[in-house]
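Q: The structure's right below; bear with me while I get my questions together.
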Amino acid sequence: MSIAEWIATICGIVYLVLIAKTNRWGWIFGIVSCLIIAIVSWKQQIYYQAILQGLYVVLGVYGFVSWNKSNELRTSKLSRNHLILTLIIGTALSVALFLLAPLSQKAPMLDAVITSFAIIATVLSARMILENWLFWIPINVLSVVLFYEQDLKLFADLYFINLIMAIWGYFLWKKEYEKKA
């Protein structure tokens with residue numbers, strides 16, 4: 001395990017703790033973590049994961065800027081119709097990415113599903129939508145499998161911690177949402 005993997009993992013944990021507590025500085029730690037994971041993923045030929053991590057950097061900037069508008073928690077929820085539409089879009093994007101995957105792509109379907117739904121979950125997170133955490137739970141489970149299969153054990157461990165943090169984040173945000181509802 002390289003120093004870069006350790007730095008990415010530590011920054012990733014700090015990111016989740018701060019985001020769960022709705023501290024906008026978490027986005028900065030997430031950006032650093034994602035830059036490193038993108039480079040390592042590309043070298044491991046997990047191309048969609050590398051691209052996803054690059055998108056996380058962009059979405060991290062969006063999250064940092066959008067959370068600056070208000071320091072007050074303003075969590076909202078998806079309507080049933082929006083949730084169904086989100087699932088349909090995520091599934092369609094997963095299939096499209098799978099079909100477009102290069103032949104050298106490792107675990108193309110798994111990586112396509114993770115990538116598609118992680119983009120959605122990140123946007124939901126940046127917009128402070130409670131259900132983002134419910135998307136992150138299965139994404140993190142699948143990410144543990146993906147990184148473990150690629151012998152990136154430290155990243156697999158990070159995503160296991162992310163799984164636990166997603167469960168914690170969901171209940172923390174839900175409690176705050178219910179207080180304001």
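Q: Taking the range 64-114, which residues are among the hydroxyl-bearing types (Ser, Thr, Tyr) and either within 30 Å of Glu178 (Cβ to Cβ) or modelled with pLDDT of 90 or more (or both)?
A: Ser66, Ser70, Thr75, Ser76, Ser79, Thr86, Thr91, Ser94
Q: In the list Leu142, Leu154, which residue meets the criterion of being in a helix (DSSP H, G or I), in contact with a Ser or Thr (Cβ under 9 Å, 6 or more places away or on another chain) and surrounded by fewer than 22 Cβ atoms within 10 Å (Cβ to Cβ)?
A: After applying the criteria, what remains is Leu154.
Q: Applying the selection to the range 32-49, what residues are modelled with pLDDT of 90 or more, within 23 Å of Leu110 (Cα to Cα) and under 15 Å from the mean Cα position of the chain (by Cα)?
A: Ser33, Cys34, Leu35, Ile36, Ile37, Ala38
Q: Let me ask another. Please find, among Val95, Val123, the residue that is surrounded by fewer than 16 Cβ atoms within 10 Å (Cβ to Cβ), part of a helix (DSSP H, G or I) and among the β-branched types (Val, Ile, Thr). If you could, list the steps in order and put the result at the bottom.
A: Working: Val123 fails: surrounded by fewer than 16 Cβ atoms within 10 Å (Cβ to Cβ).
Within the list Val95, Val123, the selection yields Val95.
Q: Here's something else I'd like to know. Of these, Trp136, Trp173, which one is within 29 Å of Ala101 (Cα to Cα), open to solvent by less than 60 Å² (accessible area, probe 1.4 Å) and either of a type in the set (Phe, Trp, Tyr) or outside any loop (DSSP other than H, G, I, E, B) (or both)?
A: So the residue among Trp136, Trp173 that is within 29 Å of Ala101 (Cα to Cα), open to solvent by less than 60 Å² (accessible area, probe 1.4 Å) and either of a type in the set (Phe, Trp, Tyr) or outside any loop (DSSP other than H, G, I, E, B) (or both) is Trp136.
The values are calculated or read from the model by the stated rules, or taken from the named source; none is laboratory data. Just so you know, these numbers come straight off a predicted model, no measurement behind them. Glycine also receives a Cβ, built like all others from the backbone with ideal geometry; neighbour counts cover every protein chain displayed. Surface areas here come from the heavy atoms of the whole protein model, side chains and all, with no ligands, DNA or RNA. Shrake-Rupley method; radii C 1.70, N 1.55, O 1.52, S 1.80 Å.
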